[in-house]
Amino acid sequence: MNFYIVMQGQTYIEEKQHSIIWSKQVDKSGMRPPFWERMKEVQAGDCIFHYVKGDIVAVSIAKRDYYEAVNPYDEEYQKKGYLVETSYEELNNPLSIKEYFQEIELLLPIKYSAFQENGDGNQGYLYPCNELLAIKLLELIAEMNVNLEKQEQLEFAISPVLFKERNLLLQIIAIMESEAKSKIRKGKQRFKQALSPIWNNECAICSINSTDLLHASPAKAWKDSTEEEKMDPFNGILLCSNHDALYTKGYIAFDGQGKIHISDRIKETDYEKYMIHSKIRIKRQEEHKKYLKWHKKNVLK
């Protein structure tokens, strides 16, 4: 299951009535914008959040893979576009993105974000939604639309009790959230298993080799990575808990040659406390280079 945010605006009513989302293929200049081309990625079972005028107003699950078709609600436009059949479940209480933007902002990707830095929606149509962002949106939607008794059932997504529940929204939220969490958990497990041998199963900085204390620290964060990059073992470094925290929060980074760069937020007199020094150089491979440079540019502060 993958997750998407569709920016509908004036097309929401027509598309909901036809139980679809639909986009053109080519703009007036003959270009194929990525927010239309992304429609071709949608498959049966994928989750879609529907955004209209500042709010998430509905969630849906794609009934089948995308296919090409003319616009069913605009007889004047007869060129084929991309169509996805989906089952809408409207929210009684829409989720205001701006109201909860402080909780959402840190989970947004640097590139191809559905939302601007001020919380407004970006122009375009279909945007990717990483699993961490999807979980946060689902949690907020549940808080606003599911009563406390039913919220407890979200902890038992596979329980027969859930599927006897008539509240379709509750079922959708539970299934989506369970899928997202499972995908993250399994993905991180596979990532660490593939990454660890590259670093000889020890911290790249201090050589700690206790498995329980080692983390597969991604250079390009999950929220910013493609599906392939998330599982690329060269998109990360094996680090102990201390150095993982420094790396993840942008206190340290490495350039394409593996040389450490330390944030000005750490005083030079405190380097020893954090078990770092300015001459550290990790044993990176050529495949690490593009990811290390991305992290240094976008995460180091």
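Points to keep in mind about this one:
- Rounded to the nearest 20 debye, the dipole size of segment 163-301 about its Cα centre is 180 debye, using +1 on the Cβ of Lys and Arg and -1 on the Cβ of Asp and Glu.
- Classified by the C-alpha gyration tensor, segment 6-86 has a rounded form. Its axis ratio a/c, with a ≥ b ≥ c, is below 1.5.
- Built amide H within the under 5 Å cut-off of Gly236, gap 5+: Ala219
- Bridges between two residues of segment 2-80, per DSSP, are antiparallel at a rate of about 60%.
- Prolate/oblate/rounded call for the chain, Cα gyration tensor, a/c under 1.5 rounded: prolate
- Close amide H pairs (under 5 Å, H built 1.01 Å from N) link Ser87 with Ile61, Lys63, residues at least 5 positions away or on another chain.
- Annotation: amide H-H contacts under 5 Å for Ile280 (H modelled 1.01 Å from N, sequence separation of 5 or more, or interchain): Ile260.
- Rounded FRET efficiency, nearest 0.05, which uses the C-beta distance separating Glu68 from Glu286 and R0 of 41 Å: 0.50
- Gyration tensor verdict on segment 195-301 (Cα atoms; rounded if a/c is under 1.5, prolate if a/b is larger than b/c, oblate otherwise): oblate
- Helix 131-145 vs. the chain, principal-axis angle (Cα, 0 to 90°, nearest 10): 50
- Using alpha-carbon coordinates, inclination of helix 289-298 to the longest axis of the chain, degrees: 80
- Calculated accessible area for the chain comes out at 55 Å² per residue, all protein chains present (probe 1.4 Å; ligands, DNA, RNA ignored).
- Peptide packing: for 240-246, 7-13, 54-60, the average count of neighbouring Cβ atoms within 10 Å per residue gives the ranking 54-60, 240-246, 7-13, highest mean first.
- For the chain, the share of accessible area belonging to carbon and sulfur comes to 48 percent (1.4 Å probe, ligands and nucleic acids excluded).
- Per-residue HN-Hα couplings for segment 187-201 [Karplus 6.51, -1.76, 1.60; θ = phi - 60°; Hz; x = Gly/Pro]: x, 5, 5, 5, 4, 5, 4, 7, 7, 3, x, 4, 9, 6, 6
The values are calculated or read from the model by the stated rules, or taken from the named source; none is laboratory data. Just so you know, these numbers come straight off a predicted model, no measurement behind them. Ideal geometry is used to build each Cβ from the backbone, glycine not excepted, and the neighbour counts take in all protein chains shown. With ligands, DNA and RNA removed, areas are computed over all heavy atoms of the protein, side chains included. Shrake-Rupley method; radii C 1.70, N 1.55, O 1.52, S 1.80 Å.
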